[in-house]
1. Chain pair B, C: how much accessible area is buried, both chains summed, with a 1.4 Å probe, in Å² to 100?
2. DSSP beta bridges in the protein assembly as shown, what fraction antiparallel, as a percent rounded to 5?
3. Report the net charge of residues surrounding residue C:228, where surrounding means a beta-carbon distance below 14 angstrom and charges are Lys +1, Arg +1, Asp -1, Glu -1.
4. Does any residue of region C:252-283 lose at least 20 Å² of accessible area with all protein chains in place compared with its chain alone, and if so which ones (probe 1.4 Å)?
5. Which of the lysines could a cross-linker bridge to residue B:57, judged by Cα under 18 Å and excluding same-chain residues fewer than eight apart?
6. Between residue C:420 and residue C:486, what FRET efficiency follows from the Cβ-Cβ distance if R0 is 35 Å, with the result rounded to 0.05?
7. Within straight cross-link reach of residue C:241, meaning Cα distance under 25 Å, which lysines are found once same-chain residues fewer than 8 apart are removed?
8. Can you tell me the dipole magnitude for the protein assembly as shown around its Cα centre, using point charges on the Cβ only (Lys, Arg +1; Asp, Glu -1), in Debye to the nearest 20?
Amino acid sequence: MTGREPDGDGLRLLVEPATTTRWVRVLYAVCVLLVVAGEGLRFFSHAFDHVHYGFEAWPGFYGAFGFVVFVFIVYCGRWLRGVVSRPESYYRVDEPERSK
Amino acid sequence: MSHLISIVTENLPMLQVVLPMLAAPLCVVVHHRRATWWVALVVTWASFANSVALARKVYLEGPLSYFVGGWEPPWGIELRIDELNAFVLCLVSAICAVVLIAAPRSFDQEVESDRHHLAYAAFLLCMTGLMGIASAGDAFNVFVFLEISSLSSYGLIALGPSRRALSSALRYLIVGTLGGTFILLGVGLLYMSTGTLNLVDLQQRIPASDGHRTIVVAMVCVVVGACIKLALVPLHGWLPDAYTFAPSVVTAFLAATATKVAFYVLARFLFSVFGVASSIDRFHVDWVLLPLALVAMVYGAAAAIFERDVKRMLAYSSLSQIGYMVVGLALVTKSGLTGGIVHLVNHGLMKCGLFLAIACVVLRFGSPHLGVQRLGSTHLDRLRGLGRSMPWTSAAFVLGGLSMIGVPATVGFVSKWYLVLGAFEAGKWWVAALILFSSALAIAYVWKVVEVLYFADPPRREDEVGEAPWWVLGPTWVLVGASLVFGVWTAPTVRMASAAAEVLLPALAGAGP
Amino acid sequence: MTTWLQSLPPGVIMAVGGLLLLALRGRALQFGLVVLPVVSYGHLLALPAEHVVQLTIMGLDLVPVRIDRLAMVWGHVFHWAAILSAVYALHVQDRVQHAAAIAYAGSAVAAVFAGDLVTLFVHWELTAVTSVFLIWSRDDRARKDRDPEECYRAGLRYLIIQVASGVVLLAGICLRWADGGGLEFEGLATGDITSAPLWAQLVFLAFGIKAAFPFLHNWLQDAYPRGTHTGTVFLSAFTTKMAIYALARGFAGTDLLVPLGVAMTLFPIFFAVIENDLRKVLAYSLNNQLGFMCVGIGIGTELALQGAAGHAFAHILYKALLFQSMGAVLWSVGTCKATELGGLFKRLPVTALCCMVAAASISAFPLTSGFVTKSMTLSAAAEGHMTLVWLLLLFASAGVLEHSGIKIPYFAFLAPTKKDWSAIERPPWNMRAAMVTTAVLCLGIGVFPGVLYRFLDFQIEYEPYTALHVVGQLQLLLFATAAFVWLVRIGAYPHEKRATILDFDWIYRRALPAGWDRVVRRSSVFWTRGGRLAENARQDGLVWIQRWVGDGAALTQTRTIRGIALWVLAALAVGLAWVFWLH
């Protein structure tokens, strides 16, 4: 983990300091706990009896959905940047000329 | 006393024409700058009151006939007032009355001081002519009054401060005389073939002659003549220069009245005298007028966009607005004609207000006596940042401009609403589309000025100027205010216009609003 | 007894009073700025709960005031937003901006209480012309992000589009009136909009422009990031939500709104990921939120409509809070570009915390206002058995977390940076007070949803805090957060880059003008028959038009008497030929 050099100084806080690592671990642990809690609901309550869709009752459905979607969005964003990203002055250069 | 009052009330139709006519030589005799103004002011306001009273009478009691000198029509001269010309008379006298308040301050700046009395005399004569045209009951007097108004307006334009005023007046004189000659020719031909000059008699006798060649030629002559005075594209050549170089107040006066009266003449002859059966059904004059009017509408607005001199820009905008009026006429539907006639008054109000706002600007920017200059005082670049130094003038200009575009709650919207309705009534949706297109062009030229007024920085510190005096600003705001009031409270103008449209198109009465 | 105060439309106190602010300076201006919305709110609360004022002007039956349950939702929250935004803007000494903002808020309120389409139209246009000054105004604190020329042009584009929306609305009203229809603003269409009459489609389009439907949305992302740091807070609250109200009032149950709304929730997500200007990210996020509301209105069941109303209510507050916190950053630092920010947490702790509360609310974490309102729309979709819609909305919920929940607070306050912020000024007390109050409201609504539901007089019982809902939502959000952390660690998360992100506005800002230029150049080559002349003619497309219509143009030789006389002769000749031909 520490062997990887972050590519840019913008995102180092989450990577470098030890406290951050601890927070990240807490996050992962909470995620696991949530899945467990979901399964707990299945056995100790009737919460899953009246879900709208069957797949809502799959173990960790919401978590998996959130994770996959997030990754998908970010990768789509990266692809989109290649398509629609232009220099910051893109509109600035020509517009005043046209108005004259 | 009551005897005197009854004499006045009986002679109302004559008084409104005669009063300014008699006052004009009085002005020349009095000669004093301010005293002549007072004379003119009293007379115009009296005429205004007179025409309002007359309009009221016409609406309550129906059309009025007045025999000059007590001679009955076939021999004597008749003045005939119905709903249509009562409306036009109100507009003309109202504009004269309001504009005259602004005149002395503006004349001080733009007209040499020993010619003021002549200016007022010419102003009154022009008013006489315009009122006369609108009230005359026979074709020959229409011509006579047309010449009175034309000749005096050439003089008024020539008073303009720049040397080019002279050449524009000369050009207008030649072209206007051509127009007048055509009308005279037409009137002569009508007399030749029908033996009468009275408009009502003509109306009755023309159908009997059934498209006699002489009458057809007379129609062409009158229509071309009226279109010249109306400045319908492509016969508009005299207008931009004349409006640009005339004194500001004169421009405001002429823009709001002269072309409107010409429109009245055109409508009166086409619909009443020659009659719909002959002019429209048989000879399809509308087929010629409608394309020209549409071209005028778009061309005027497009030309205004490219114009850098605001006064001239407004002149081009007038061409466009004249196009709207003629569109209303050429649609030959009740709503369209109502729209055209109501636009006659509405455009008079807003354009007069706008030109007076220009008069305010000219007043503040020192003498334009410099003649032909690279940057006239009404050039767009001189108006930079004026929104801050002349807030009232700028606001008046913006409001007038909004009306020109046809923003709801202004008179411009009311006119266009009826024009568009008329276009749909006639089944010509593309006319409606062109009207909207031309309105979009109007946004462009109005915005151009707004941008300069409010968003451009003033060029230099020493160019900072104060607000115009209230003597000029007041009338400006009266007109701009009127164009807002009648934009919301549409009942009076629309009712008068639709009554007038009914006079012209009796066969279609009942249809439309 | 109907006093004149009772027939006074709510919001008019602000709309008219706002103009009076133009005459005030200093303390009096500040006083008026806050007092006007408070008085206006007091006036609204004093009016009866069901209240109608009718009026006939020039034959039009107008209903300037119509107060009922639905309108009151917006009436409350618009006033809250106006008061909070006014407090937030207290430190600004610019009377034009304040006057515009208050008049804008007032006309938006008045639009919500309009009972007929003509009144609606008037306020519809008033919001357009007043709000544009919030984009045009100077803002010395945000000079780096707000080039005056660009702001002016963006404002102009904004104004044109907003006014165009009003013109389309007016066209619809006129058509309806010409057909003999009434002017009432209620249930204009439902079901299939494509088979509705033309006027209804025009009105729908007009509402859609202001509600930022896909392809009609660019004014939002174009103009809002260019507002002043306080102005954008006002902007974010009113225009679009007024349009949402209009849709709820006029087009509840219109099927097309569902796919449109879904599209609105989706496409902004991807743009928000890569946008560098954080206020523009928020503008995209705003668009995404409007999508949820549109879906709710399109579903049209009582629960869905209630959800849309509740969502609009909560959304106005947390979205205002997000823009407030970004405004505070802009005020302190002078820019909102993610590449220029990071690590502001230490210097601006209050702002950072408030921003995080707003971020949590918009992401719908439990105990925040987003959780108790947005889920109603999803439930309504599920109850309507719209599986795909439901899944896509869930997808969009994760997307919201991405751009508003994580990206905004992370890049502004947490991301490491070498910059030293110890010298920057902290936002003044009034900005912090407004932010803290708004944050408390966001949390309060989340903790006590029943109070909100009762306050808004909801007719359907809805319980957001079920164990499954809480656990499921937490799973969704925290796993997505975990994905963010993981992506950052493997270096896959895209770094912020200074860039202009092209959107649909490229069509009218670049493609169309360029295409027009090309057409004009081609045709000028054609007209002038030759390369040498073409060189002169191609300078500018407008020159070509000018040649035809300008002063002394080819169309008419106006300058010479000879020219005019020729035209007169031609007219006479044509006229005579015409009549004799018909003779």
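1. On the way: alone 19010 and 25610 Å², together 41170 Å².
Approximately 3400 Å² gets buried when B meets C.
2. Numbers: 17 of 18 bridges.
Percentage antiparallel, nearest 5: 95.
3. Numbers: positive: C:95, C:138, C:141, C:143, C:144, C:146, C:226, C:279; negative: C:94, C:139, C:140, C:145, C:147, C:150.
Charge balance near residue C:228 sits at +2.
4. C:270, C:271, C:273, C:274
5. Within the straight-line cut-off, residue B:57 pairs with nothing.
6. Numbers: r = 31 Å, r/R0 = 0.88.
So, using R0 = 35 Å, E works out to roughly 0.70.
7. Within the straight-line limit of under 25 Å, residue C:241 reaches these lysines: C:210, C:280, C:319, C:374, C:407.
8. On the way: 87 positive and 75 negative charges, 611 e Å.
Charge dipole of the protein assembly as shown: 2940 debye, to the nearest 20.
The values are calculated or read from the model by the stated rules, or taken from the named source; none is laboratory data. Fair warning: this is a prediction, and the values are worked out from it, not measured in the lab. Ideal geometry is used to build each Cβ from the backbone, glycine not excepted, and the neighbour counts take in all protein chains shown. The protein model used for the area step is the full one, side chains on, heavy atoms only, and it has no ligands, DNA or RNA in it. Shrake-Rupley method; radii C 1.70, N 1.55, O 1.52, S 1.80 Å.
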